[in-house]
Amino acid sequence: MGEEQKQDPQNRLHYWGNTTEEDYYKTQNIRSTKSFYTSPRGLSLFTRSWLPLPTTIPPRGLICMVHGYGNDISWTFQATPIFLAQHGFACFALDLQGHGQSQGLKAYVPNVNDVISDIVSFFNSILTQNPDYQNLPKFLFGESMGGAICLLIHFQNPRLFSGAILIAPMCKISDKVKPRWPIPEILTFVSRFAPTLPIVPTADLVDKSVKVHQKKLIAGMNPMRYRGKPRLGTVVELLRVTDYVSNRLCEVSLPFIVLHGSADVVTDPDVSRELFEKAKSDDKSIKIYDGMMHSLLFGETDENVEIVRGDILAWLNDHC
């Protein structure tokens with residue numbers, strides 16, 4: 001962590017400390033924008049970009065980034081696009097429906113297909129507004145639930161992206177944690193009548209995801225973080241989506257790298273191994289990090305985070 005992060009983690013305005021966003025981005029030698037985007041279905045979605053400083057040379061590539069369940073793009077998630085922008089990549093992301101500053105009931109995702117349409121329409125709007133971006137390599141980046149969404153985007157738009165970076169993707173609910181019959185059937189039945197009920201029991205994701213104690217405190221300070229139990233409709237939809245994705249792993253054809261911690265108890269590294277083995281992509285890579293947990297790009301020690309970042313950057317360099 002930077003010097004400001006190593007100080008007392010209490011009373012932070014941002015994950016890095018109390019430096020304003022504008023001043024912090026300057027110290028990181030990048031520029032950033034934020035705005036609201038109205039999707040074709042009329043939903044107001046909060047968006048951010050993290051860009052290399054203006055030069056005579058355009059960015060080396062574009063990255064469409066998708067956060068995970070209960071997360072958002074304004075807190076610790078920013079650490080990765082800031083790093084990538086420092087190395088020449090223009091990064092774009094939005095808060096998914098019901099997350100962060102976007103419209104919708106908190107942590108309620110009734111239809112992932114609508115979320116996919118939101119992301120693709122937003123990214124296409126970026127390309128329309130910036131003709132210089134049209135011919136640059138375009139990559140997907142997804143963490144956890146965002147990894148599954150990236151695969152769904154690929155299935156629907158197989159030629160839009162040049163590759164994908166999948167961080168501990170939730171592309172299948174592991175048999176180790178998937179509720180046994182008849183619980184999924186009961187949840188599905190009840191969700192028809194009360195889909196927004198936050199009653200699904202689960203452990204705290206920050207506690208299960210983040211290894212370093214001080215970083216766990218910082219992650220927990222996120223003012224946009226959803227702290228309630230998962231909603232019935234969201235859980236049922238994620239069960240549906242992961243079943244769908246797991247049955248189509250053999251259809252994944254774009255270049256990708258999948259990265260996972262061996263000690264991850266939120267998503268299963270064996271499922272990432274299955275993705276790597278079944279995908280028909282000629283160009284595919286996998287990294288399983290011994291002893292690392294779910295939050296590879298923030299929650300680990302600084303040394304571990306740098307290892308993961310280095311592997312991502314090396315893969316991007318090879319594909320630009």
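The values are calculated or read from the model by the stated rules, or taken from the named source; none is laboratory data. All figures in this text were calculated on a predicted structure; none of them were measured in a lab. Because the Cβ atoms are built from the backbone with ideal geometry, glycine has one as well, and the counts that use them run over all protein chains shown.
Things to note:
- Failed item in (1) over 17 Å from the mean Cα position of the chain (by Cα); (2) under 19 Å from GLU143 (Cβ atoms); (3) part of a loop (DSSP other than H, G, I, E, B), with MET293 passing the rest: (1)
- Pairs meeting the criteria (first residue in segment 234-249 and under 17 Å from HIS154 (Cβ atoms), second residue at pLDDT below 95, beta carbons under 6 Å, at least 6 apart or on different chains) are THR242/LYS172; THR242/ILE173; VAL245/CYS171; SER246/LYS172.
- Of the residues making up segment 114-131, just one is within 15 Å of GLN156 (Cα to Cα) and either touching a His at 6+ places or on another chain (Cβ under 6 Å) or free of Cβ contacts under 8 Å to residues at least 12 places away in the same chain (or both), namely ASN124.
- Considering only residues in segment 114-151 that are out of contact with any Leu (no Cβ under 6 Å at 6 or more places or on another chain) and among the aromatic types (Phe, Trp, Tyr), the one that is nearest to ASP318 (Cα to Cα) turns out to be PHE139.
- Test: residue in segment 117-135 that is surrounded by fewer than 17 Cβ atoms within 10 Å (Cβ to Cβ), more than 12 Å from the chain's Cα centre (by Cα), over 22 Å from ALA279 (Cα atoms) and of a type in the set (D, E, K, R): yes
- Within segment 184-228, restricting attention to residues that are among the β-branched types (Val, Ile, Thr) and in a loop (DSSP other than H, G, I, E, B), the residue that is farthest from GLY100 (Cα to Cα) is VAL212.
- Set side by side, the residues ALA93, ALA79 differ, and just one is surrounded by fewer than 22 Cβ atoms within 10 Å (Cβ to Cβ), closer than 24 Å to HIS294 by Cα and modelled with pLDDT of 95 or more, which is ALA79.
- SER262 touching a strand residue (DSSP E or B) at 6+ places or on another chain (Cβ under 8 Å), of a type in the set (Gly, Ala, Ser) and surrounded by fewer than 17 Cβ atoms within 10 Å (Cβ to Cβ): yes
- Neighbours by Cβ (under 7 Å, 6+ apart or cross-chain): first from segment 209-226, aromatic (Phe, Trp, Tyr); second not in a helix (DSSP H, G or I): TYR226/GLY70; TYR226/LYS106; TYR226/ALA107
- Of the numbered criteria (1) over 22 Å from THR128 (Cβ atoms); (2) of a type in the set (D, E, K, R); (3) in a strand (DSSP E or B), the one LYS106 fails is (3).
- All positions within segment 302-320 that are under 15 Å from HIS260 (Cα atoms), more than 16 Å from the chain's Cα centre (by Cα), surrounded by 13 or more Cβ atoms within 10 Å (Cβ to Cβ) and of a type outside the set (A, V, I, L, M, F, W, C): ASN304, ASP311
- Screening the candidates SER262, SER191 for the property of being among the small types (Gly, Ala, Ser) and farther than 29 Å from GLN78 by Cβ yields one hit, SER191.
- Residue count, segment 109-143 (criterion: assigned to a helix (DSSP H, G or I) and under 20 Å from MET224 (Cβ atoms)): 4
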